[in-house]
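Below is one structure; the comments refer to it alone.
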Amino acid sequence: MRFIHLEEVDSTNAYIMRNVWELEAPVMVTAYRQTAGQGQRGNSWEAEPGKNLTFSVFYRPIGLPPMAQFSMSEAVALAVVDFLANHGIEAKVKWPNDIYVDDRKICGILIRHSVMGDTVTYSVIGVGIDVNQTLFLSDAPNPVSMKQITGETYDLPLLEKEVADIIERRLERINDPEQRVRLHDEFMKNLWRGDGNLYPFTDTATGESFDAKIESIASHGPISLRLADGTVRTYAFKEVSFQ
């Protein structure tokens, strides 16, 4: 994995998209300060400059079909779980790819794919991990950082190299169909609220609130929820939210 370090940029994802034809994959672009970092659903990502890991990875999979692109999300999410485990932090993946410690969010992931024909030609993987920040000023309801959990202050350059190596190893697995199956099984075992209990959800189209347990997640991403009465509903991204 090669590295590009920037002092300030609107967002590392945007930087890659502007330079996509000049960059050689895989490469990690890091920034001391992002002025327009984005999260899921267009939300801004709060990151105090110089306190957190904010980066994007430019990656070209080999022969990855579009229907299997969710495996990249699984690989990156599990890589972050691995990384946090190295530092004594037990984390889970909140579908589709936020990373939670207990009921608090420590990492957000945003992935954009370019598809041509029957393959994913390249992907831009944006990751924000809360590391040394201890004061959060935005209206985000539940952020938490590594320092808040462990009390330690971390060396960001060392963490960048560590997490880059873990992500690269995880991504190598998505090019093999059999490895993708194993990756999905591991993803299912690391799901936040994937313990078979009922939890509250909201149907984002109707506003309906209901209790359900996670029944399954398809290899291409949609989640199936089993309600208390036994009925099963399946939702794609952004169609249902956890309460």
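No value in this document is a laboratory result; all are computed from the given coordinates. Owing to the predicted nature of the structure, the values given are computational and were not obtained by experimental measurement. Heads up, the Cβs are rebuilt from the backbone with ideal geometry, glycines too, and the neighbour counts pull from every protein chain shown.
Calculate the translational D of region 1-136 in whole µm² s⁻¹ from Stokes-Einstein, where the hydrodynamic radius comes from the Kirkwood formula applied to all Cα pairs, the temperature is 4 °C and the viscosity 1.567 mPa s.
Using the Kirkwood radius from Cα pairs, D works out to 84 µm²/s.
So how far, in whole Å, is the C-alpha centre of region 124-181 from the one of region 54-98?
Answer, in whole Å: 9.
What order do you get for 200-209, 85-94 when each peptide is scored by the mean count of other beta carbon atoms within 10 Å, highest first?
Averaged packing, sorted descending, gives the order 85-94, 200-209.
Ratio of alpha-carbon Rg to the 2.2 N^0.38 Å globular estimate for region 199-242, to two decimals, please.
Rg over 2.2 N^0.38 Å, computed on Cα atoms: 1.04.
Evaluate the distance, in nm, between pseudo-label points positioned 7 Å from the Cα of Arg33 and of Lys238 along their respective Cα→Cβ axes.
Going by the 7 Å Cα→Cβ label model, 3.1 nm.
For His113, His220, what ranking results if the residue with the fewest other Cβ atoms within 10 Å of its Cβ goes first? If you can, show how the numbers build up before the last one.
Details: His113 17, His220 14.
Result, fewest neighbours first: His220, His113.
So for the chain, averaging the separation of alpha carbon pairs under 8 Å that are six or more residues apart and normalising by length, what relative contact order in percent results?
17 percent
Which pairs, out of Lys161/Lys238; Lys51/Lys213; Lys94/Lys161; Lys105/Lys161, put more than 30 Å between their alpha-carbon atoms?
Lys161/Lys238; Lys51/Lys213
Assigning unit charges at the beta carbon (Lys, Arg +1; Asp, Glu -1) and nothing else, what dipole magnitude in debye, to the nearest 20, does the chain show about its Cα centre?
240 debye
Only Lys, Arg, Asp and Glu count, each charged at its Cβ (+1, +1, -1, -1), so figure out the dipole size of region 199-242 about its Cα centre, rounded to 20 debye. Walk me through the intermediate numbers first.
On the way: 4 positive and 6 negative charges, 29 e Å.
Roughly 140 debye, rounded to the nearest 20.
For region 2-189, with the dipole built from +1 on Lys and Arg beta-carbon atoms and -1 on Asp and Glu ones, taken about the Cα centre, which of Leu23, Leu158, Ser114 lies farthest toward the positive end?
Highest projection toward the positive end goes to Ser114.
With helices defined as uninterrupted DSSP H runs, which ones in the chain have an alpha carbon span along their own long axis of at least 18 Å and mean Kyte-Doolittle hydropathy of at least -1.0?
Flagged H segments are 70-86, 156-172.
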